[in-house]
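The values are calculated or read from the model by the stated rules, or taken from the named source; none is laboratory data. Treat the numbers as computed from the prediction; the structure is a model and nothing was measured. Don't worry about glycine lacking a Cβ; one is built from the backbone with ideal geometry, like all the others, and counts go over all protein chains shown. We work out accessible area using only protein heavy atoms, side chains counted, and drop any ligands, DNA or RNA first. Shrake-Rupley method; radii C 1.70, N 1.55, O 1.52, S 1.80 Å.
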Amino acid sequence: MMPMLSAITPPPVPALPPMLDLLGIAVFALTGALVAARLRQTFVTVAFFALVTGVGGGSVRDLLIGAPVFWIQDPLVAPVCFAVALIAWFTPVRWWEGKLLEWADALGLATYAVFGTIKALAWGVPTVAAIMMGVITGCAGGIVRDVLAGQPSILMRPELYVTAAALSAALAGLGIALGLSAQLTWAIAVFAGFTMRGAAIHWSIALPGHAGAPED
């Protein structure tokens, strides 16, 4: 009798330090919770927005590349998102207004765009598709949040947000393709994306829109 096949062993992926990973998820979750809080929604909605924004990008990525969905395997992620929802619920929204949260989100955006790209590459995804997985990791949670809230999605706004994620993801894919060390690839790609997003925050830089169809 043939032995049963064992579960597929996931390939090794350069992981984020656990505390940094949870902190990044918490920042994303907080942006989602605050959107619901500003709309004066119930706590259930605030918690749902926190979870969707915190894990949305990574969940979509894992489903597309055939990996186990990361937060289902990690017992701390969902409680962290729930704790963030409680913080958003019991604190005044004005406490979170300003640039600090935007800068923290910018760092998380760049970091997770790189992580998503490298994880997809480790699962055998071709380079260009892996770069797209990096962009999805950084942005999909925010896109879902905005759609659910009925406000213009980050994908539809001219600010350099998705573009910054794409820069980090592309540099990560390029670094791995060129054989650079994982540490150097992380440093270059995260710094570049964070710098672009930071410049957009500081100087309100945005991409130009399409000129539209010529008039008859």
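Counting only helices (runs of 4 or more DSSP H) wholly contained in the stretch 1-97, the ones carrying 2 or more residues that are at pLDDT below 95, under 25 Å from ILE201 (Cβ atoms) and open to solvent by 70 Å² or more (accessible area, probe 1.4 Å) occupy 18-38. The set of residues in the stretch 151-174 that are in a helix (DSSP H, G or I), farther than 13 Å from LEU107 by Cβ and either open to solvent by 30 Å² or more (accessible area, probe 1.4 Å) or at pLDDT 95 or above (or both) comprises LEU155, MET156, VAL162, THR163, ALA166, LEU167, ALA169, ALA170, LEU171, ALA172, GLY173, LEU174. Scanning the stretch 123-150 for residues that are open to solvent by 50 Å² or more (accessible area, probe 1.4 Å) and outside any helix (DSSP H, G or I) yields a count of 4. Looking at the structure I just gave you, is ALA120 within 13 Å of GLY54 (Cα to Cα) and assigned to a helix (DSSP H, G or I)? Criteria not met by ALA120. For the stretch 175-216, the tally of residues that are touching an Asp or Glu at 6+ places or on another chain (Cβ under 7 Å), open to solvent by less than 50 Å² (accessible area, probe 1.4 Å) and outside any helix (DSSP H, G or I) stands at 0. Among residues of the stretch 124-147 that are in contact (Cβ under 8 Å) with a residue 60 or more places away in the chain and closer than 16 Å to GLY193 by Cα, those with a beta-carbon under 6 Å from a residue that is open to solvent by 30 Å² or more (accessible area, probe 1.4 Å) and assigned to a helix (DSSP H, G or I) at least six positions away or on a different chain give the pairs ILE136/VAL60; CYS139/VAL162.
Could you grab me the full set of residues in the stretch 110-141 that are in contact with a Phe, Trp or Tyr (Cβ under 7 Å, 6 or more places away or on another chain) and among the aliphatic types (A, V, I, L, M)? Scanning the stretch 110-141 gives ALA110, VAL114.
For (1) under 16 Å from the mean Cα position of the chain (by Cα); (2) at pLDDT below 90, each residue gets a yes or a no:
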| position | (1), (2) |
| --- | --- |
| ILE131 | yes, no |
| PHE191 | yes, no |
| TRP203 | no, no |
| ALA206 | no, yes |
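Is there any pair linking a residue in the stretch 64-75 that is touching a residue at least 60 places away in the same chain (Cβ under 8 Å) to one that is open to solvent by less than 100 Å² (accessible area, probe 1.4 Å) and of a type in the set (Val, Ile, Thr), with Cβ under 9 Å and at least six apart or on different chains, and which? Filtered contacts from the stretch 64-75: LEU64/VAL125; LEU64/ILE136; ILE65/VAL125.
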